[in-house]
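The values are calculated or read from the model by the stated rules, or taken from the named source; none is laboratory data. Worth saying up front: this structure is predicted, and the values here are computed from it rather than measured. Positions of Cβ are backbone-derived with ideal geometry, glycine not excepted, and every protein chain shown enters the neighbour counts.
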Ligand SMILES: Nc1ncnc2c1ncn2[C@@H]1O[C@H](COP(=O)(O)OP(=O)(O)O)[C@@H](O)[C@H]1O
Ligand code: SF4
Ligand SMILES: [Mg+2]
């Protein structure tokens, strides 16, 4: 808690530009976030190297091995089904690893598209103001007035399901978040003395935007990106669950929940484990984003880097 | 106040108009309603006949005007197949049940669910957020932070299944799904409340921290008021102003969460109707449902804006 | 902790001895108040003088018992209000004292009012909490108080919100709620710093009038030596969290002994109010997280000797009631 007393002489201590090692040290002192980072790294490795990591072929059917609970011995390879098998006798852990690759890809690529598009529009709107700004902000407000999932569902209904359609539709419904944040930051930056000075010496707009504006808004944008990956992974799950996202024979965590639903009472792991995977992933992303936000916020960061 | 009111209502109409236009464009231009209706395997002859019946051969402008006029009068056409076992190619689009009443009939169930979830979420989040703000950086604060992040990260429909497994299948306390007395409401409302609890408690915490750091709090302490009074009668009331502006956003989130959660619990609301309509490719029903959900969202935003001006005297007079 | 003998508090409404306050911050511990002590006599006005950041507000908040801990830590040898030992009072006792027997007004009146409650509610709330009166009665009493601090058409304005008042009027409202229960002591923390000069005079007039009528003692916290000289009977000059000079205001104004006080006086414009020759004190106050072992004024003091940085100068009487914490106090003259 801060006091009402003025802070004019308070030394804001470890302020300026902490190096990488300081972040790592701060991370080491925050066990919850550290755990999240480790989990996300493991997840990234298993998604990238799914073929090497997965204990079984995720598509190998086995009628004899249908809906086996976790830790059932494997019949064919002799490798245990650590997390059991699904309704077609496929290894659940392997399917989770491959399904995760798709879920994460939707989140990352979707957020990337939304981020690039939204940030660009936000930069233009905030930097040039005027009509462009009005138009962009009208669109942002109008889209914000409607539930994201509703728009996404409607558009997927029209254009059809599938990985790329899903990614594009998700980017379409979320660009506004990046646009709003970017515009707000640019508006306050463009009046900054160093930007005005750059203008005064005749620097081109592109140069000002790329040299002076963008670098200064990068860390909030990275935090937002992390949060949006989580949002999109959740959206993918919901849309795939409803049948408008990833379609078989592809798989994703959301689709796995949808397919396991029939066996909710007889094979609990089929719904529970993919959901848990989504939950842990989004929780990890949210924890890291919260930490990154605190640590890059000039007002708060001394607390963490002291 | 009234100028603001009129301008705000006008904005809402504009958004609604844009939504309808988009729905029209998306429905008629990106996809052929006849194909949506009959499925991609339909024969060209069938498609041609249905297009004629549906007035799709008319110029686009003409169709647009008719669509908008219909929408204004609450006429979105008749359902392609809702209530029929097999789609009837011969009569599709010309006869059948009007879609709007179908949607309106489902509305109370969705509102009941959303409002219950909001009430649960609001009260729990208020307590968590206030506690966290009263003891900042304490163990309690950190624990509440992780709880709220977990709430935000929850896959709501999956949580629904987990609650069903635990409370319906294992313990038998609540029915697994359907609609009826309070017992049917408990699980879906709880499911729907978890994500808003996460978001709102963080919001309440930061708004309260902000408020509690202001000089007038010191002045109140200097008057010897009990801490409880300062926190709840003064700080919380003022913190509720920024929080209130987010209530609309949260209700929107809940409405969109309801689309999925209703499916999990077979809750007979607009959300599950929408999913049925989408899966059966019932375009008029989809359009009407999207329209009603959008209208709901826009109305929520409007009401929140107007309430906001009542809460804050500076806006009211300024 | 040792206790002072009881009898000492003759005519003294407030006694503070050896008060220390520090703040735990990431940049290190900030030693904001270091062994401050003062007495307040019944009905008098004591000025606490010093530059911004020297610990005046923190001292007042500590006396009120409303420092925010964390980040603050505080201790004191003595802190008593009449017969009450503030160091031993329970939180409930402290609450019943605050606002009733000892009240405080703040530097920024506008920020010190809750923006979403009417001024009548905010003044009346003091009666509601401390006296348990009805809402209607509280409102009536609030109007009376607003009239007492000379707010024009109080009856009409009682239901207005703070943002509808000017800074001067807001400060009157703060004063009204502070004097509501007839406190023995008013701590006024820079009550006019945020206001225009003319408004400043009005507020000071109102405070003087209330003092005459009620006989309450005032601690006037200010950085304005002239304002203090016009208002206070006694003064305590603070520098870097310590009191460096105390005594009758007139004596200090006529013949300051501490080099810092001398500097303050020199930095005033001359008596005609023309800024003829200002001599602001060169340099800046020390960083409170790295206080030197000796006198904190060394870097800015023209009389500093080697001894000054080694030894902390103790408070010693110089003449009459005047006391000063400088090794060379008795040798210095206002040059
Ligand atoms: N909450 C706080 N945290 C850290 N330092 C503080 C806090 N409050 C006050 N201080 C420091 O204590 C010192 C005294 O402050 P204050 O009493 O407000 O000075 P002033 O004499 O201007 O009223 C200042 O250096 C200030 O920075
Ligand atoms: S003790 Fe030394 S440094 Fe301090 S005020 Fe006196 S002369 Fe100056
Ligand atoms: Mg101060």
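Overview of results
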item	result
Members of segment C:18-31 found to be within 10 Å of chain A (Cβ to nearest Cβ) and either near ligand 1 (Cβ under 8 Å from one of its atoms) or assigned to a strand (DSSP E or B) (or both), listed by number	C:23, C:25, C:28, C:30
Failed criterion for residue B:154 (all others in (1) touching a helix residue (DSSP H, G or I) at 6+ places or on another chain (Cβ under 6 Å); (2) surrounded by 20 or more Cβ atoms within 10 Å (Cβ to Cβ); (3) part of a helix (DSSP H, G or I) hold)	(3)
Residue C:69 within 18 Å of residue B:227 (Cα to Cα), free of Cβ contacts under 8 Å to residues at least 12 places away in the same chain, within 15 Å of ligand 1 (Cβ to nearest atom) and out of contact with any helix residue (DSSP H, G or I) (no Cβ under 8 Å at 6 or more places or on another chain)	yes
Qualifying position, being modelled with pLDDT of 80 or more, assigned to a helix (DSSP H, G or I), within 14 Å of another protein chain (Cβ to nearest Cβ) and away from ligand 2 (no atom under 16 Å from the Cβ), among A:44, A:36	A:36
The one condition in (1) closer than 23 Å to residue A:237 by Cα; (2) out of contact with any helix residue (DSSP H, G or I) (no Cβ under 8 Å at 6 or more places or on another chain) that residue B:161 fails to fulfil	(2)
Any hit, segment C:32-49, residues being away from ligand 2 (no atom under 16 Å from the Cβ), away from chain A (no Cβ under 13 Å), under 17 Å from residue C:178 (Cβ atoms) and in a loop (DSSP other than H, G, I, E, B)	yes
Any hit, segment A:126-139, residues being on the phi > 0 side of the Ramachandran plot, away from chain B (no Cβ under 14 Å) and in contact with a helix residue (DSSP H, G or I) (Cβ under 9 Å, 6 or more places away or on another chain)	yes
Subset of segment C:39-61 [within 16 Å of ligand 3 (Cβ to nearest atom) and over 11 Å from the mean Cα position of the chain (by Cα)]	C:51, C:52, C:53, C:54
Residue ID - nearest to ligand 2 (Cβ to nearest atom), chosen from residues in segment C:309-331 that are modelled with pLDDT under 90 and buried (at least 17 other Cβ atoms within 10 Å of the Cβ)	C:328
Residue list for segment A:65-116, filter: at pLDDT below 70 and on the phi > 0 side of the Ramachandran plot	A:67, A:71, A:78, A:89
Subset of segment B:176-201 that is under 19 Å from residue B:108 (Cβ atoms) and outside any helix (DSSP H, G or I) - its residue that is farthest from the other protein chains (Cβ to nearest Cβ)	B:181
Identity of the residue in segment C:164-210, more than 17 Å from residue C:145 (Cβ to Cβ) and within 16 Å of ligand 3 (Cβ to nearest atom), that ends up surrounded by the fewest Cβ atoms within 10 Å (Cβ to Cβ)	C:193
Scope segment C:130-140; condition within 14 Å of another protein chain (Cβ to nearest Cβ) and surrounded by 17 or more Cβ atoms within 10 Å (Cβ to Cβ); matching residues	C:130, C:138
Residue match in segment A:190-202 (condition: touching a residue at least 60 places away in the same chain (Cβ under 8 Å) and more than 10 Å from chain B (Cβ to nearest Cβ))	yes
Search result, residues across segment C:150-165 that are in contact (Cβ under 8 Å) with a residue 24 or more places away in the chain and either within 11 Å of chain B (Cβ to nearest Cβ) or on the phi < 0 side of the Ramachandran plot (or both)	C:151, C:157, C:158, C:159, C:160, C:161, C:162, C:163, C:165
Unique match (being more than 9 Å from chain B (Cβ to nearest Cβ) and either within 16 Å of ligand 1 (Cβ to nearest atom) or over 27 Å from residue C:52 (Cβ atoms) (or both)) among C:123, C:179	C:123
Qualifying positions in segment A:141-176 - surrounded by fewer than 21 Cβ atoms within 10 Å (Cβ to Cβ), modelled with pLDDT under 90 and either away from every other protein chain (no Cβ under 12 Å) or not in a helix (DSSP H, G or I) (or both)	A:160, A:161, A:162
Residues that are under 34 Å from the mean Cα position of the chain (by Cα) and buried (at least 24 other Cβ atoms within 10 Å of the Cβ), drawn from segment B:213-237	B:235
Given (1) touching a helix residue (DSSP H, G or I) at 6+ places or on another chain (Cβ under 8 Å); (2) at pLDDT below 85; (3) away from ligand 1 (no atom under 16 Å from the Cβ), number of the condition residue C:281 does not satisfy	(3)
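Residues checked against (1) within 16 Å of ligand 1 (Cβ to nearest atom); (2) in contact with a strand residue (DSSP E or B) (Cβ under 9 Å, 6 or more places away or on another chain); (3) part of a loop (DSSP other than H, G, I, E, B); (4) within 14 Å of chain B (Cβ to nearest Cβ):
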site: C:128; (1), (2), (3), (4): no, no, no, yes
site: C:142; (1), (2), (3), (4): no, no, no, yes
site: C:170; (1), (2), (3), (4): no, no, no, yes
site: C:202; (1), (2), (3), (4): no, no, no, no
site: C:208; (1), (2), (3), (4): no, yes, no, no
site: C:211; (1), (2), (3), (4): no, yes, no, no
site: C:218; (1), (2), (3), (4): no, yes, no, no
site: C:229; (1), (2), (3), (4): no, yes, no, no
site: C:243; (1), (2), (3), (4): yes, yes, no, no
